[in-house]
1. Suppose the filter is open to solvent by 60 Å² or more (accessible area, probe 1.4 Å), under 20 Å from the mean Cα position of the chain (by Cα) and at pLDDT below 90; does residue 69 pass it?
2. Could you tell me whether residue 113 is modelled with pLDDT of 85 or more, open to solvent by 50 Å² or more (accessible area, probe 1.4 Å) and of a type in the set (Gly, Ala, Ser)?
3. For region 47-54, does any single residue satisfy the condition of being closer than 25 Å to residue 165 by Cβ and open to solvent by less than 50 Å² (accessible area, probe 1.4 Å)?
4. Only one of (1) surrounded by fewer than 17 Cβ atoms within 10 Å (Cβ to Cβ); (2) under 16 Å from residue 36 (Cβ atoms); (3) touching a strand residue (DSSP E or B) at 6+ places or on another chain (Cβ under 9 Å) fails for residue 108. Which number is that?
5. Being open to solvent by 70 Å² or more (accessible area, probe 1.4 Å) and either modelled with pLDDT of 90 or more or not in a helix (DSSP H, G or I) (or both) is the requirement here; does residue 192 meet it?
6. Out of everything in region 180-189 that is part of a loop (DSSP other than H, G, I, E, B) and closer than 17 Å to residue 246 by Cβ, what residue ends up being least open to solvent (accessible area, probe 1.4 Å)?
7. Out of the residues in region 195-225 meeting the condition of being touching a Pro at 6+ places or on another chain (Cβ under 8 Å) and of a type in the set (A, V, I, L, M), tell me which one is surrounded by the fewest Cβ atoms within 10 Å (Cβ to Cβ).
8. Please work out if residue 93 is closer than 20 Å to residue 3 by Cβ, among the acidic types (Asp, Glu) and surrounded by fewer than 18 Cβ atoms within 10 Å (Cβ to Cβ).
Amino acid sequence: TDPLTQVLNRRGAERVLFSELQRARRSGRHTGVVLVDCDDFKRVNDTLGHASGDVLLETIAQRLREALRPTDHLARVGGDEFLVLCSETSLAEVTGIAERLRLTVVNTPLWVSDTSLRVSASLGVAVVPPETDSLEVVLSKIRSALKLSKHEGKNRVSVMVGGSPKSARDQDLHIGYWLDQEGAFRGVSQPIVSLENRQILGAELLTRGPPGELESPVAFFRAALEANLLTALDLVCAHVSIRRALRLE
C-alpha cells in the first residue's frame with residue numbers, strides 16, 4: 001500500500017494485475033487499464049510546496065477511488081501517476097470509466113493550503129490481453145496513449161486501438177458525433193404510482209444516451225456542457241421524450 005494515498009503501490013498493482021490476468025484467461029475476456037496523470041503537478045509543488053502537493057495527491061486519490069466501481073483497483077505507480085485496473089472489461093467500458101475519472105478531477109475544486117485549485121488530468125486507456133506477463137509491459141503500452149493526451153492539450157482521454165494511440169474525442173464518444181446520429185438517444189419511462197391505491201397516474205420521461213461512456217444522463221450532460229452543446233442536447237432530449245410519450249398513449 002502506498003503510505004501517502006493509502007491506495008495500492010506498484011508491488012500491490014502487480015499482484016492484482018496477475019490475479020486479474022488469471023481471471024481473464026479463464027473467462028476469455030480482457031483486463032482494462034487506465035493511467036491517470038495529474039496535469040501541471042510540478043507547478044503546484046513549485047508554487048505551494050511539496051506538503052501541498054502531497055495533500056493534492058491524497059485528495060485526488062480519494063476522488064478517483066470514489067468514482068470507481070467496487071470491482072476496480074486503484075494504485076499509485078509514480079509521483080503523480082495512478083493506475084486503474086478493471087476486471088473483465090471491454091475497451092468501450094474502460095474508456096467510459098476513464099472519462100468519468102477525468103470529469104471527477106476537473107469538475108471538483110480542491111482546497112490546498114487555503115487555496116482553491118482547479119486541476120485536471122490526462123488519461124491513457126488500453127485493454128490488456130491475458131498473456132501479458134508484467135506490469136512494465138502494461139505501463140509501456142498505456143503511456144503511449146497518455147503521451148497523446150498530453151500532446152493534444154491535456155485534460156483528455158486517449159485510447160490504444162490496434163497498437164496505436166487515438167484521441168477518445170475523435171471516436172464515437174464525442175457528444176457532437178452522437179447528437180448527429182438518428183436514434184442514438186432513447187427515451188425511457190418511470191411510472192408515477194399513487195400510494196393510496198397503487199394506480200399508475202402517469203410517467204416520468206427520461207433520456208438515455210448511446211451504450212457506453214455517454215449512456216448516463218450525468219455523463220452526456222457534462223460532456224455537452226464542456227463542448228458548448230447543451231442547448232442542442234436539450235432539444236434532442238425533448239424530442240426523445242415527446243416520441244416516448246406518443247408511444248405510451
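The values are calculated or read from the model by the stated rules, or taken from the named source; none is laboratory data. These figures come from a predicted structure and were not determined experimentally. Backbone-built Cβ (ideal geometry, glycine too); neighbour counts: all protein chains shown. These accessible areas exclude ligands, DNA and RNA; they are computed on the full protein's heavy atoms, side chains included. Shrake-Rupley method; radii C 1.70, N 1.55, O 1.52, S 1.80 Å.
1. Details: open to solvent by 60 Å² or more (accessible area, probe 1.4 Å): yes; under 20 Å from the mean Cα position of the chain (by Cα): yes; at pLDDT below 90: yes.
For residue 69, the condition - open to solvent by 60 Å² or more (accessible area, probe 1.4 Å), under 20 Å from the mean Cα position of the chain (by Cα) and at pLDDT below 90 - is met.
2. Details: modelled with pLDDT of 85 or more: no; open to solvent by 50 Å² or more (accessible area, probe 1.4 Å): yes; of a type in the set (Gly, Ala, Ser): yes.
Against the criterion (modelled with pLDDT of 85 or more, open to solvent by 50 Å² or more (accessible area, probe 1.4 Å) and of a type in the set (Gly, Ala, Ser)), residue 113 does not qualify.
3. First, the residues of region 47-54 that are closer than 25 Å to residue 165 by Cβ: none.
No, there is no match, as no residue in region 47-54 is closer than 25 Å to residue 165 by Cβ and open to solvent by less than 50 Å² (accessible area, probe 1.4 Å).
4. Condition (3) is where residue 108 drops out.
5. Details: open to solvent by 70 Å² or more (accessible area, probe 1.4 Å): yes; either modelled with pLDDT of 90 or more or not in a helix (DSSP H, G or I) (or both): yes.
For residue 192, the condition - open to solvent by 70 Å² or more (accessible area, probe 1.4 Å) and either modelled with pLDDT of 90 or more or not in a helix (DSSP H, G or I) (or both) - is met.
6. Taking region 180-189 and keeping what is part of a loop (DSSP other than H, G, I, E, B), we get 180-185.
Next, only the ones that are closer than 17 Å to residue 246 by Cβ stay: 182-183, 185.
Values: 182: 168, 183: 58, 185: 12 Å².
Checked region 180-189; the qualifying residue least open to solvent (accessible area, probe 1.4 Å) is 185.
7. 200
8. Values: closer than 20 Å to residue 3 by Cβ: no; among the acidic types (Asp, Glu): yes; surrounded by fewer than 18 Cβ atoms within 10 Å (Cβ to Cβ): yes.
It is false that residue 93 is closer than 20 Å to residue 3 by Cβ, among the acidic types (Asp, Glu) and surrounded by fewer than 18 Cβ atoms within 10 Å (Cβ to Cβ).
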